[in-house]
Amino acid sequence: MEASQIIFFILSAIIVVGSIMSVVSRKLLHAATYLLFVLIATAGLYLLLNFHFLAAVQLSVYVGGILVLFVFAIFLTSQVGELMPQSTLSRRIMGSVIVLSGFAFSTYVLMTHKFKTIAQSEISELDMQDLGTALIGTDMYQYLLPFEAISVLLLACIIGGILIARKK
């Protein structure tokens with residue numbers, strides 16, 4: 001086995017275990033910490049695939065922004081050591097049925113899809129200047145408007161957090 005395969009399996013194990021622990025953890029802060037490990041390991045997978053820009057975006061947007069927003073929401077709305085309520089048996093059964101249905105559907109799609117193989121010589125390097133122009137451009141297939149919409153959404157979340165935390 002190559003080193004990249006070993007790193008892939010380690011990162012995959014971190015993602016799977018962290019995802020499961022994030023869902024089954026009864027403490028909100030612990031769940032957010034497990035989510036942090038999942039997001040960092042996902043950035044590691046992007047680095048393993050030589051998608052450096054995507055790894056940087058993963059770390060800055062999700063780990064740096066969204067997860068910090070989750071932690072602030074946890075601190076502002078509940079007690080840190082407070083346990084989440086135990087789920088009922090009917091909710092566990094329904095959740096298990098939904099998870100197994102999603103797994104069966106994903107397996108079906110993966111098994112029936114014809115994947116195209118691409119030689120390494122056919123992959124071209126993406127110019128960072130073209131990527132930056134596409135992100136902040138206003139022409140067709142450029143993303144300034146969605147970028148600004150996300151910033152307004154995050155601003156609304158921050159204002160909502162301040163309003164919740166404000167004493168009456």
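The values are calculated or read from the model by the stated rules, or taken from the named source; none is laboratory data. The structure displayed is predicted, hence computed values, not measured ones. Glycine gets a Cβ as well: all are built from the backbone with ideal geometry, and neighbour counts include every protein chain shown.
Being surrounded by 17 or more Cβ atoms within 10 Å (Cβ to Cβ) and in contact with a Phe, Trp or Tyr (Cβ under 8 Å, 6 or more places away or on another chain) narrows it down to one of GLY44, GLY18, so name that one.
The unique qualifying residue is GLY18.
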**Request:** Kindly establish whether VAL38 is β-branched (Val, Ile, Thr), buried (at least 17 other Cβ atoms within 10 Å of the Cβ) and assigned to a helix (DSSP H, G or I).
**Result:** yes
**Message:** Within the range 62-78, does at least one residue satisfy the condition of being in a helix (DSSP H, G or I), touching a Leu at 6+ places or on another chain (Cβ under 9 Å), modelled with pLDDT under 85 and over 22 Å from HIS30 (Cα atoms)?
**Reply:** no
